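Right, one structure below, let's go through it.
The values are calculated or read from the model by the stated rules, or taken from the named source; none is laboratory data. Here the structure is a predicted model, which is why all the values come from computation and not from measurement. Here the Cβ positions follow ideal geometry from the backbone for every residue, glycine too, while neighbour counts run over all protein chains shown. SASA here: full protein model, heavy atoms, side chains in, ligands and nucleic acids out. Shrake-Rupley method; radii C 1.70, N 1.55, O 1.52, S 1.80 Å.
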Amino acid sequence: MNAAVSVRGLSKRFGAFVAVDRVSFEIGEGEVFGFLGPNGAGKTTTIKMLTGLLDPTSGEARIAGLDVVGDRWALKSRIGYMSQLFSLYGDLTVAENIDLFAGLYGVRGRRREERRAWILEMAGLAGQAGRLTAELPLGFKQRLALGCAVIHGPPVLFLDEPTSGVDPIARRSFWDLIYELSGHGTTVIVSTHYMEEAEYCHRLALMNRGCLIALDRPAVLRASMSEPLLELRTEDPARAVEAVRSLPGVTEASMYGRRLHVLVKDEERARPALAEALRAAGLEIRSIRRIEPALEDVFVARVRAAGG
Amino acid sequence: MTRLSPFRIGQIVRKEVRQLFRDPRSRPILFVAPLIQLLLFGYAVNTDVRNTPMAVLDHDRSAASRRLIDAMEAAGYFDVVHAADRSAELVEYLDRGRATVVLEIPPRFGRDLAAGQPARIQLLLDGTDSNTGTVALGYARRIVLAFGLEEGGRLELLEAGPRLEPRAWFNPALESRTYNVPGVIGILLTLMCLLLTAFSVVRERELGTLDQLRVSPVRPAELILGKTIPVTIVALVDLALITAVARVWFGIPFRGSLMVLLVVSLLFIISGLAAGLLISTVSKTQQEAFLTMYLVLLPSIMFSGFFFPIHSMPELFQWLSYINPLRYFMEIVRALFLKGAGAAELWPQFGALLLIGMVALGWAIRRFARSIA
């Protein structure tokens, strides 16, 4: 596997605030690589450093063998970037947006015609090239923005929270496009705070407070939780969390909507202990079962383990 | 740095032009608002007159003529900036705007006054600045009248006191509009350059499209050119529009050369574009840009000589006005319209505009490049 992106000890400080703290990783060609973490975890800052929008305070990053600082200008034509703000001009038409980015990236002549046709087709905007971009529904804007970001066929594509604010169906079809690009060899780096979206990535980097706290395939990350996870249903989950949190044998207890997720050391011993503790608090267990950990559980556990 | 790509500059220019003319709210700002402002500004402005620069040619060199000059200066209304030897010098002083008033005392003044003959002096006013002209003329009349009474009281020459023959040059009717309308050109060009340049950058920063341009191969210098070329074109169209309305609607004379007006406007626009870019580098939002723009716009108008004559200001502000490009542009445009002056008389102002423009542009490009790189 050739490294499309290789990052070593990358850091960004804003005054005393450390936005990204000595992050290192490698991404292979054609890989879909995800950054998962809450707002302020350093995902966007990392992507901005990799795309040349921000200079790193220290550390090194190379994309397709080019240094993100030293070879900044050579790198521009080899990367694509799409941010959470749809960076298209709402007061230009669909075709005018496409032609602008084609022009800026030096895509001309017949190739431009081909790319324009491909983008219109891919974004579901065939026959609507003359419409003002501002009038398009969000999902279409996003696909058009993606098309404009890859108009020059870059080997590496950065997507910074590309699907925030769209419905699950539009998000799913957006991911079909990402897989299509990846299938043609494009390396895709995507940041998100949607857990379901993180599952779509080939590999996932969990980020919290500027640090990389875990990096692996989603399935491996989930399997890495060796302790059993129990899901409980009771009347008052908020009180129930308080009642079971400090029990011996309970590593972690948290609320997931109306339910409780409890990470325990030993399932057989924990079951009666939990029931007793809840009964003492005047709460009844409606159901209790062992579940497979979701990425969110992994994330919470990892953040705890990392001292966050 | 590699060479600039005219092709990429063209892409940005085309996009900017499309955006400027597409927005139904911004379209009237481009050409209608300047016209409305011109009509509004076309009417009176009040000015207070002190320390009016005066050149004197004393052919008489008598005690009486010296007393008259002293009397002119004593009240603080006039400053004798030059004692001339020849009439041609007086004209030159008026033409270059170095004196607003020139006083010529004929050879037999002292003798005529002493002999009880009608004594005459000649006062020439630069009527370009009608308010200063009118007020200065009033002061001069009073001073001369008082002088005559005083001299006459002693010498019994009351009836044959000196007679003042005022002739306002360049703006014979001393109409304030004739003076103000050319000045409005400077204000409107400043406004358009600051507004359009600063906002076209800051709006993109707010919307996130600036980042999209920054990751693309477009160079900072290409972006600057792509954004300022359309603004320059709009500013020049406004210039033509205002000049035409000034001539046709207000009947303001245009005595200079249109070519000189175009060149000097381009020089001036450079400073405006630079200021607009600088504003964009310190403003994150359009609101910030708006406030910053006013912080720049108001002082530059205040200290341009548009409302208040610069020579009436405290010395500190007079010095500050030397770095204000609008000050020079005002002087040049008024002289072009009303005096028909050309490059020969106006080269110091040209030089100042060029210098300020280049320094400001260099600074703006460096700051802008740093702000987006």
Say we look at region B:110-130 and pick out the residues that are touching a Leu at 6+ places or on another chain (Cβ under 8 Å) and either part of a helix (DSSP H, G or I) or closer than 20 Å to B:VAL333 by Cα (or both); which of these is most open to solvent (accessible area, probe 1.4 Å)? B:ALA114
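Within region B:49-67, can you find the residues that are in contact with a strand residue (DSSP E or B) (Cβ under 7 Å, 6 or more places away or on another chain) and either of a type in the set (Ser, Thr, Tyr) or not in a loop (DSSP other than H, G, I, E, B) (or both)? Break it down stepwise before answering.
To start, the set of residues in region B:49-67 that are in contact with a strand residue (DSSP E or B) (Cβ under 7 Å, 6 or more places away or on another chain) comprises B:51-60, B:65.
B:THR52, B:PRO53, B:MET54, B:ALA55, B:VAL56, B:LEU57, B:ASP58, B:SER65 - these are the residues of region B:49-67 that are in contact with a strand residue (DSSP E or B) (Cβ under 7 Å, 6 or more places away or on another chain) and either of a type in the set (Ser, Thr, Tyr) or not in a loop (DSSP other than H, G, I, E, B) (or both).
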Selection count where residues are closer than 26 Å to B:GLU204 by Cα, in contact (Cβ under 8 Å) with a residue 40 or more places away in the chain and either in contact with a Gly (Cβ under 7 Å, 6 or more places away or on another chain) or not aliphatic (A, V, I, L, M) (or both), scope region B:291-319: 1
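Are any residues in region A:220-249 open to solvent by 20 Å² or more (accessible area, probe 1.4 Å) and under 21 Å from A:GLU292 (Cβ atoms), and if so, which ones? Quick ask: steps written out before the conclusion?
Start the filter on region A:220-249 by keeping residues that are open to solvent by 20 Å² or more (accessible area, probe 1.4 Å), which leaves A:220, A:222-227, A:233, A:235-236, A:238-239, A:242-243, A:245-249.
Answer for region A:220-249, where residues must be open to solvent by 20 Å² or more (accessible area, probe 1.4 Å) and under 21 Å from A:GLU292 (Cβ atoms): A:VAL220, A:ARG222, A:ALA223, A:SER224, A:MET225, A:SER226, A:GLU227, A:ARG233, A:GLY249.
Please determine, by comparing only the residues of region B:179-223 that are closer than 17 Å to B:ILE12 by Cα and of a type in the set (Gly, Ala, Ser), which one is farthest from the other protein chains (Cβ to nearest Cβ). Break it down stepwise before answering.
Our first condition is that a residue be closer than 17 Å to B:ILE12 by Cα; within region B:179-223, this holds for B:196-205, B:207-223.
Pick out the ones that are also of a type in the set (Gly, Ala, Ser) and you get B:198, B:200, B:208, B:216, B:221.
Working: B:ALA198: 18, B:SER200: 12, B:GLY208: 3, B:SER216: 4, B:ALA221: 13 Å.
Among them, the one singled out is B:ALA198.
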Restricting region A:48-62 to residues that are among the hydrophobic types (A, V, I, L, M, F, W, C) and at pLDDT 95 or above, the residue that is surrounded by the fewest Cβ atoms within 10 Å (Cβ to Cβ): A:ALA61
Can you find a residue that is assigned to a helix (DSSP H, G or I), touching a Ser or Thr at 6+ places or on another chain (Cβ under 6 Å) and modelled with pLDDT of 95 or more anywhere in region A:71-91? no
Filter result for B:PRO107 (part of a loop (DSSP other than H, G, I, E, B) and surrounded by fewer than 18 Cβ atoms within 10 Å (Cβ to Cβ)): yes
Search region B:233-262 for residues being open to solvent by 60 Å² or more (accessible area, probe 1.4 Å) and in a loop (DSSP other than H, G, I, E, B), and hand back the single one that is nearest to B:LEU196 (Cα to Cα). B:TRP249
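Is it the case, given these coordinates, that A:ILE47 is in contact with a Phe, Trp or Tyr (Cβ under 7 Å, 6 or more places away or on another chain) and more than 9 Å from chain B (Cβ to nearest Cβ)?
Numbers: in contact with a Phe, Trp or Tyr (Cβ under 7 Å, 6 or more places away or on another chain): yes; more than 9 Å from chain B (Cβ to nearest Cβ): yes.
So A:ILE47 passes the test.
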Selection over region A:65-99 where residues are within 9 Å of another protein chain (Cβ to nearest Cβ), among the small types (Gly, Ala, Ser) and over 21 Å from the mean Cα position of the chain (by Cα) yields a count of 2
Helices (runs of 4 or more DSSP H) wholly in region A:218-308 with at least 3 residues that are more than 29 Å from the chain's Cα centre (by Cα) - which ones? A:237-245, A:267-280
